[in-house]
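Enquirer: One structure, as structure tokens, below. Some questions next.
We did not get these values from a lab; they are worked out from the coordinates using the rules stated. Note that the structure is predicted; figures quoted are calculated from it, not measured. Cβ placement follows ideal geometry from the backbone for every residue including glycine, while neighbour counts extend to all protein chains displayed.
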Amino acid sequence: MPLYDCMLLLKPHVKKEALMDLVARVGKHVYQRNGVLTEIKSFGTIQLGYGIKKLDGRYFQGQLMQMTMMTPPKMNDELHYLNKEDRLLRWLLVKHRDIKYGLEYVGEDDGRNELSQFRSSLYNDDDVDDDDDDDDDREDYEMNQEEEEKTEG
């Protein structure tokens, strides 16, 4: 079963009991489909970049929740009942891609050193040219000035 993140953005005035009720309903729905909730995170009240207009007003804040779950792929279609939930501002289901678990993950290089290699190539002084080119430009300028003086005088 693939791993999904379900992001729930609730209205800011929703009580903790109502929030837990909604999370429990989604969790029961996942469990009934032979899925597993692996993690639940609450990010608290966050400021939104723009107002979300609902029937009862425009919201510039929201309570953000993340539920990580392993469910069958059909779960996406079955979560559309959340559209009718009046406590929610928005919801989003995101599928994790190419995730390795267990013994397959142990001992493999997961790309941690890529950034350090990039950083070292950024600051590598081997590619830096000397400032000798500036002297050539100055000599060309002086020659041009001498030629102009000769033509004027």
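Enquirer: So if each residue of separation counts as 0.36 nm, and I subtract the Cα-Cα distance between MET7 and ARG97, what length gain in nm does that give? Present the calculation step by step, with values, prior to reporting the outcome.
Expert: On the way: separation 90, 0.36 × 90 = 32.40 nm, distance 1.65 nm.
Extra length available between MET7 and ARG97 comes to 30.7 nm.
Enquirer: Another question, if that's okay. Once you list every other residue whose beta carbon is under 11 Å from the beta carbon of LEU64, what net charge do they have if Lys and Arg are +1 and Asp and Glu are -1?
Expert: Numbers: positive: LYS41, ARG90; negative: none.
Taking every Cβ under 11 Å from that of LEU64, the sum is +2.
Enquirer: Using a 10 Å cut-off on Cβ atoms, rank the peptides 46-53, 6-13 from the highest mean neighbour count down.
Expert: Working: 46-53: 10.6, 6-13: 18.8.
With the highest mean Cβ count within 10 Å placed first, the list reads 6-13, 46-53.
Enquirer: Same structure again: Would you mind counting up the charge near ASP21? Only other residues with Cβ under 10 Å from its Cβ, with Lys and Arg at +1 and Asp and Glu at -1. Could the numbers behind the result be given before it?
Expert: Details: positive: LYS15, LYS16, ARG25, ARG87; negative: GLU17.
Around ASP21, the surrounding residues sum to +3.
Enquirer: For TYR59, enumerate residues with amide H under 5 Å from its amide H, sequence gap 5+ or separate chain, H modeled in the peptide plane.
Expert: Under 5 Å from the amide H of TYR59: ILE52, LYS53, LYS54.
Enquirer: Then there's this: Using Cβ counts within 10 Å as a stand-in for footprinting exposure, how do ASP77, ASP21 rank, fewest first?
Expert: Ascending Cβ contact count within 10 Å gives the list ASP77, ASP21.
Enquirer: Moving on to the next point. Working out 0.36 nm times the residue gap between TYR50 and GLU149, then minus their Cα-Cα distance, what length gain in nm do you get to one decimal?
Expert: Result: 29.1 nm gained on full extension.
Enquirer: Counting other beta carbons within 10 Å of each Cβ, put ASP86, ASP98 in order, fewest first. Don't skip to the end; give the middle numbers.
Expert: Details: ASP86 9, ASP98 4.
Arranged by neighbour count, lowest to highest, ASP86, ASP98 become ASP98, ASP86.
Enquirer: Using the Cβ atoms and a cut-off under 10 Å, what net charge is assigned to the surroundings of ASP86, where Lys and Arg are +1 and Asp and Glu are -1? Working shown, then result.
Expert: Numbers: positive: LYS11, LYS54, LYS84, ARG87; negative: ASP56, GLU85.
Neighbour charge sum, excluding ASP86 itself: +2.
Enquirer: What residues have an amide H closer than 5 Å to that of LEU89, excluding those fewer than 5 places away on the same chain, when H is modeled at 1.01 Å from N in the peptide plane?
Expert: Amide H neighbours of LEU89, under 5 Å, 5+ apart: LEU9, LEU10, LYS11.
Enquirer: Using the structure shown, select from LYS15/LYS84; LYS15/LYS95; LYS15/LYS74 the pairs with a Cα to Cα distance greater than 26 angstrom. It would help to have the intermediate numbers written out before the result.
Expert: Values: LYS15/LYS84 18 Å; LYS15/LYS95 29 Å; LYS15/LYS74 30 Å.
Violating the 26 Å Cα-Cα cut-off are LYS15/LYS95; LYS15/LYS74.
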